[in-house]
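Quick notes on the structure that follows.
The values are calculated or read from the model by the stated rules, or taken from the named source; none is laboratory data. Computed from a prediction, not measured in an experiment: that's the story for all the values here. Here Cβ is always computed from backbone atoms with ideal geometry, including for glycine, and neighbour counts include all displayed protein chains.
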Amino acid sequence: MKQWIAAQPGARHLTLQTMPVPTPGEHEVLVRVDAVSLNYRDIGVIEGTELSADMPFPLTPGSDLAGRVVSAGARVTRFREADAVLGTFWAGWIDGDCPQHARVLGGSLPGVLAQYVVLHEDWLVHAPRTLDAVRASTLPCAGLTAWFALVENTGLRAGQTVLVQGTGGVALFGLQLARAHGANVIVTSGSGEKRRRALELGASHVIDRTSGLPWEVQAREYTGGRGVDHIFELVGGENLAASLRAVRQGGRISLIGVLGEHAMTFPSVPAFLTRSVIQGIGVGHRRALEELVRAVDTVALQPVVDACYRFDQLPEAFEHLKRGAFGKIVVDVGSAAA
């Protein structure tokens, strides 16, 4: 089989190699990988700068797969041959609090940018019936992060207002899931084309971050001065202070991304006055992913894929990801010869 391997930190050391197809153990499943969705953290993994994982080189990047079961170990009970499956971002986080032993695929654990992978059966869920592999592969990280922030932790209700920053994968999942729950959604973006596409996708209002008028002022104006119920904080740095000025009293800010800086700073007084909840989101557990899959099938949600690259075009896919995408970038692993 073919498998992408980074021999040492740096994208220039990423090569497509020929490796033996692995064999599953008693509780493991051999999966033929059909598609892998890329995340911005994958760039940090390859460069050796990802902060959340101890990355042993050489390594295979990638955490989010959609594929089919080829064979199963003798004691596997959750899956059968030919089942369509998704991997879980956190290996070993089933429900409740994240256990200390849980690790991330494509970080401290081998990644999934390979034609075949072996995973413990607990690290997989059944894929949605209504999605092809390319779109289904976007759920384990970006989709689940938005679901965990809006539904698992918050109990989003119809009529509330959600603000998402930018138009990346998590932001657009936040837009789609919030709209599916009857919420209004504000999208901030410096691109006129992306703002237009966000409106077509169902955004209630868009804000030009480059207009000169602070986006938080525009958000409060849209809500009649009340403030936003829930903000996806995806920028980091001092932008968190702006989010505090935009959120309503008792509202929620989900800390999800660090597109600007890895540190976040804010003045304490606005936090006291708004009495908001500020919570970090580190994707989510398997049970929530299973619930997201059921929701996707129920409402026929179609994840937004900006581009899909062939398996041998992984470097080009990462360059697109660095430039910025409207939604997700996916690698079609099935495009490679078996």
*Residue count, the stretch 121-165 (criterion: in contact with a strand residue (DSSP E or B) (Cβ under 7 Å, 6 or more places away or on another chain), over 18 Å from residue 332 (Cβ atoms), modelled with pLDDT of 95 or more and not hydrophobic (A, V, I, L, M, F, W, C))*: 5
*Would you mind finding the one in 248, 323 that is out of contact with any helix residue (DSSP H, G or I) (no Cβ under 6 Å at 6 or more places or on another chain), at pLDDT 95 or above and of a type outside the set (Ser, Thr, Tyr)?*
248
*asked:* Can you pull out every residue in the stretch 209-219 that is over 24 Å from the mean Cα position of the chain (by Cα) and in a loop (DSSP other than H, G, I, E, B)?
replied: 210, 211, 212, 213, 214
*Output the residues belonging to the stretch 249-287 that are under 19 Å from the mean Cα position of the chain (by Cα), assigned to a helix (DSSP H, G or I) and surrounded by fewer than 20 Cβ atoms within 10 Å (Cβ to Cβ).*
287
_Every residue from the stretch 115-130 that is more than 27 Å from residue 185 (Cβ to Cβ) and in a loop (DSSP other than H, G, I, E, B)_ = 115
*Filter result for residue 236 (within 28 Å of residue 94 (Cα to Cα), within 20 Å of the chain's Cα centre (by Cα) and of a type in the set (Gly, Ala, Ser))*: no
_Considering residues of the stretch 156-185 that are small (Gly, Ala, Ser) and closer than 25 Å to residue 86 by Cα only, the residue farthest from the chain's Cα centre (by Cα)_ = 180
*Residues 242, 263: which one is at negative phi, of a type in the set (A, V, I, L, M, F, W, C) and in contact with a Pro (Cβ under 7 Å, 6 or more places away or on another chain)?*
242
